[in-house]
Amino acid sequence: MGEDLSGTGIPLRDISDPPRRGQPDHMNDYLATEGDFGGVHTNSGIHNKAAFNIITAKDGEHLLFTPQEVSALFYLALTQRLAPTSGFSTSRDALELSAKSLFRRSAQAVKAKKLAAISKAFDDVGIPAPN
């Protein structure tokens, strides 16, 4: 992401491999900093990796989510369920709640697979469900 911004062709972020661009990809590697509003940009690699996990989640050989579903899922979470001060667990909760709403009319087995994939995406980067 952002490969055209620096003029070098080197991306600013790599959501598939955040450490490649100096960002953590798991909460175990969270960087507490004084600058960058507490590391909001530095630590965004953790959430970006969770998003990548959702985007690339598969059911057998096929992607589990369409591009339209992923777009709608994140749009709903960002515009309806998150605030500027939301944290990592709140973000997970927002995605899971948005998925329950978005896929409410899907067949139960399909809905269950999609919800499980979202939970796994966040589990894999160490973002816990809120208490």
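A few remarks follow.
- Scanning the range 32-44 for residues that are in contact with a helix residue (DSSP H, G or I) (Cβ under 9 Å, 6 or more places away or on another chain), crowded, with 16+ Cβ neighbours inside 10 Å and at pLDDT below 90 yields one hit, THR42.
- Top-ranked residue of the range 112-131 - restricted to ones that are without any contact (Cβ under 8 Å) to a residue 60 or more places away in the chain, in a helix (DSSP H, G or I) and touching a Phe, Trp or Tyr at 6+ places or on another chain (Cβ under 9 Å), ranked as surrounded by the most Cβ atoms within 10 Å (Cβ to Cβ): LYS114
- Within the range 65-77, one or more residues are more than 23 Å from VAL40 (Cα to Cα), under 14 Å from the mean Cα position of the chain (by Cα) and of a type in the set (Gly, Ala, Ser).
- Tally, over the range 4-26, of residues that are crowded, with 17+ Cβ neighbours inside 10 Å and out of contact with any Pro (no Cβ under 9 Å at 6 or more places or on another chain): 4
- The single residue among ASP29, ASP93 that is under 19 Å from PHE122 (Cβ atoms), crowded, with 18+ Cβ neighbours inside 10 Å, modelled with pLDDT of 95 or more and not hydrophobic (A, V, I, L, M, F, W, C) turns out to be ASP93.
- Residue within the range 36-52 that is part of a helix (DSSP H, G or I), in contact (Cβ under 8 Å) with a residue 12 or more places away in the chain and hydroxyl-bearing (Ser, Thr, Tyr) present: yes
- Residue within the range 100-110 that is of a type outside the set (Ser, Thr, Tyr) and under 27 Å from ASP29 (Cα atoms) present: no
- Scanning the range 57-71 for residues that are outside any helix (DSSP H, G or I) and out of contact with any Lys or Arg (no Cβ under 8 Å at 6 or more places or on another chain) yields LYS58, GLY60, GLU61, HIS62, LEU63, THR66.
- Residue list for the range 45-85, restricted to those being over 15 Å from ALA99 (Cα atoms), among the hydroxyl-bearing types (Ser, Thr, Tyr) and surrounded by 11 or more Cβ atoms within 10 Å (Cβ to Cβ): THR56
- Restricting LEU64, LEU102, LEU115 to those that are of a type in the set (A, V, I, L, M, F, W, C) and touching a strand residue (DSSP E or B) at 6+ places or on another chain (Cβ under 7 Å) reduces the list to LEU64.
- The residue that is surrounded by the most Cβ atoms within 10 Å (Cβ to Cβ), counting only those in the range 96-111 that are part of a helix (DSSP H, G or I) and small (Gly, Ala, Ser), is ALA99.
The values are calculated or read from the model by the stated rules, or taken from the named source; none is laboratory data. A quick note: this is a predicted structure, and the numbers were derived from the prediction, not measured. When we count neighbours, we look across all protein chains shown, and the Cβ atoms used for this are built from the backbone with ideal geometry, even at glycine.
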